[in-house]
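K.L.:
Can you keep this structure in mind? I'll have questions shortly.
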Amino acid sequence: MNERAAWHHLAMTREPQAQIGVHGLAFYGNVLFSTGPNTELGGSNDTACHLDIPMRHCSLFLDGQPVVRDGALVPPEMQASREL
């Protein structure tokens, strides 16, 4: 939830050292769909690979309560001081 992360960063950046691909994962208001192992947190799913899919303009609900609605964070305490 980095309000300074740019969704288009990799397409616009020509500096090889800056192309590590984390901007889409950290983009403010996105929802990250991730699959893979959970053994580091005490789970039993152990796999050799994982897949992260950052999605924009999505909604995410936790226990029926909105956390992200159409790409905007709902809880005031999670909102950035200003959206870019």
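The values are calculated or read from the model by the stated rules, or taken from the named source; none is laboratory data. Here the structure is a predicted model, which means the values were calculated and not measured. We place every Cβ from the backbone using ideal geometry, glycine too, and count neighbours over all the protein chains shown. These accessible areas exclude ligands, DNA and RNA; they are computed on the full protein's heavy atoms, side chains included. Shrake-Rupley method; radii C 1.70, N 1.55, O 1.52, S 1.80 Å.
One line per residue, one yes/no per condition, for (1) over 21 Å from GLU3 (Cβ atoms); (2) exposed (fewer than 10 other Cβ atoms within 10 Å of the Cβ):
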| site | (1), (2) |
| --- | --- |
| LEU25 | no, no |
| VAL31 | no, no |
| PRO37 | yes, no |
| CYS49 | yes, yes |
| MET55 | no, no |
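K.L.:
Still on this structure, please answer the following. List the pairs whose first member sits in segment 48-77 and is among the basic types (Lys, Arg), whose second member is assigned to a loop (DSSP other than H, G, I, E, B) and surrounded by 11 or more Cβ atoms within 10 Å (Cβ to Cβ), and whose Cβ atoms are under 7 Å apart, counting only residues at least 6 apart or on separate chains?
P.N.:
That search, which allows pairs on different chains as well, returns ARG56/TRP7; ARG56/ASN30; ARG56/GLY71; ARG69/SER59.
K.L.:
Here is a follow-up. Out of segment 39-53, which residues are assigned to a loop (DSSP other than H, G, I, E, B) and touching a helix residue (DSSP H, G or I) at 6+ places or on another chain (Cβ under 8 Å)?
P.N.:
Once the filter is applied, which keeps residues that are assigned to a loop (DSSP other than H, G, I, E, B) and touching a helix residue (DSSP H, G or I) at 6+ places or on another chain (Cβ under 8 Å), segment 39-53 yields ASN45, ASP46.
K.L.:
Between a residue in segment 15-38 that is over 8 Å from PRO54 (Cα atoms) and assigned to a strand (DSSP E or B) and any residue that is modelled with pLDDT of 65 or more and open to solvent by less than 30 Å² (accessible area, probe 1.4 Å), which pairs come within a Cβ distance under 6 Å, given they are 6 or more apart or on different chains?
P.N.:
PHE27/ALA5
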